[in-house]
Amino acid sequence: MEYVFLAAACICFSMQFIFSKLFQQRTDGTIHASMWSSILSGLSMFAIVFIMNGFRIGFNWPSAALASLYAFCSIVCTGASLIGMASTSVAVISLYTLLGGVVLPFFYGILFLGEKPSPFRWTGAALLVLAAVVPYVINLSSAKKTGVQKSQPEEKEKTGPKGKLKAGICCAIVFITNGLISIATSAATRIDEPIGSNDFLLLGTLIRIVCSAVILVPLILKKRSRSPLPVDPRTNSAVGLKAFLILFMFSFFYAVLNGAGNIFSLKCAATMDASLQFPIISAACIIFTALIGLVCFKEKPSKGDLAGIGLAIAGIVFTIF
């Protein structure tokens with residue numbers, strides 16, 4: 001049964017990137033927009049899981065501490081993902097997001113759970129580290145050599161050295177934060193008297209909503225605009241009610257898929273080694289999201305992206321043995 005949950009988690013985590021990209025395309029890609037994304041998706045996730053959980057939330061202090069880590073990293077990861085997608089592809093953002101979800105839990109399992117990886121897994125870990133470095137080096141080198149040939153400002157932002165640097169910083173952030181999310185998720189199932197997967201997600205989501213709102217208020221005041229809503233990059237003004245409802249719809253479907261993926265992942269974590277579970281999820285998601293980017297958003301991967309995807313898949317295959 002654990003492999004059924006694993007397959008479901010792979011599908012959900014892959015499909016969520018569609019709605020994350022759609023949200024990014026219809027906002028200005030700022031921290032202000034990312035906080036709205038965090039709040040809207042958080043409210044959707046909380047409502048769904050709260051109903052599933054019988055209108056209750058479990059609580060204890062160890063779980064609350066891990067849920068706070070989960071919430072903080074979710075906020076930062078959401079912001080870095082949305083900002084990074086303006087400078088690189090869905091496949092690249094998802095690659096680094098998922099690499100973090102493999103590499104950091106791998107070392108967490110060794111250092112804190114007493115897991116003893118085989119030489120194959122150590123080889124896989126080395127390949128995964130290379131997969132995190134090689135794409136950025138190749139893409140940045142290519143951008144410096146060829147320059148930016150296209151005249152559109154958005155293409156210059158995305159393909160030039162500054163765009164690659166911005167993308168690299170965002171990728172590093174999502175790598176670290178998603179890795180910590182995976183660790184917090186795994187650790188939540190192993191504490192004394194765990195509160196349950198749904199309770200943990202509810203607690204973490206509630207903290208995320210509150211913290212995102214606290215961050216959003218001063219951003220709204222700083223903008224000094226009449227509307228606190230996200231900004232449409234096409235008009236450089238706040239979105240209307242209809243557009244806001246569309247953004248909410250994207251956030252809702254993202255929340256459904258992310259929440260379902262986390263629930264299935266938590267159920268797997270109770271019986272499966274972290275150093276095995278997260279590599280399998282990440283390998284499937286890397287392949288699926290690359291296809292999603294190509295088919296849905298016409299994002300053709302560069303040589304560096306393909307090298308990173310290849311190294312990541314090879315590394316993940318080694319970590320399974």
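What follows draws every value from the coordinates through simple rules; no lab data is involved. In this text, all values refer to a predicted model and were calculated from it rather than measured experimentally. Every residue, glycine as well, gets a Cβ built from its backbone with ideal geometry; the counts of neighbours run over all protein chains shown.
Some observations on this one:
- Long hydrophobic helices in the chain, taken as whole DSSP H segments with a C-alpha length of 30 Å or more on their own axis and mean Kyte-Doolittle hydropathy at least -0.5: 2-25, 31-52, 61-85, 90-112, 119-146, 161-188, 197-223, 241-269, 274-297.
- Each Lys and Arg contributes +1 and each Asp and Glu -1, all at the Cβ; summed about the Cα centre of the range 236-321, the dipole is approximately 240 debye.
- P(r) tail fraction, the range 202-321 - alpha-carbon pairs more than 17 Å apart, %: 74 percent
- For the chain, the mean residue ellipticity at 222 nm estimated from helices alone is -28000 deg cm²/dmol, where every DSSP H run of n ≥ 4 contributes -39500 (n - 2.57) and the total is divided by all residues, rounded to the nearest 500.
- Values of log10 I(q)/I(0), in the order q = 0.15, 0.16 Å⁻¹, for the chain under a Debye, Cα-only, solvent-free model: -1.23, -1.38
- Overall, the chain carries a charge dipole of about 1200 debye about its Cα centre when +1 sits on the Cβ of Lys and Arg and -1 on the Cβ of Asp and Glu, all other atoms neutral.
- Residue (of Ala125, Asn198, Trp61) at the positive-pole extreme of the chain, dipole from beta-carbon charges: Ala125
- Diffusion coefficient, µm² s⁻¹, Stokes-Einstein with Kirkwood Rh over alpha-carbon pairs of the range 209-258 at 37 °C and 0.692 mPa s: 268 µm²/s
- Split the chain at each of the trypsin sites (Lys or Arg not before Pro) in a DSSP loop with at most 15 other beta carbon atoms within 10 Å, and the longest piece is 57-149.
- Segments 58-65, 171-178, 288-295, 42-49 sorted - mean Cβ within 10 Å per residue, highest first: 171-178, 42-49, 288-295, 58-65
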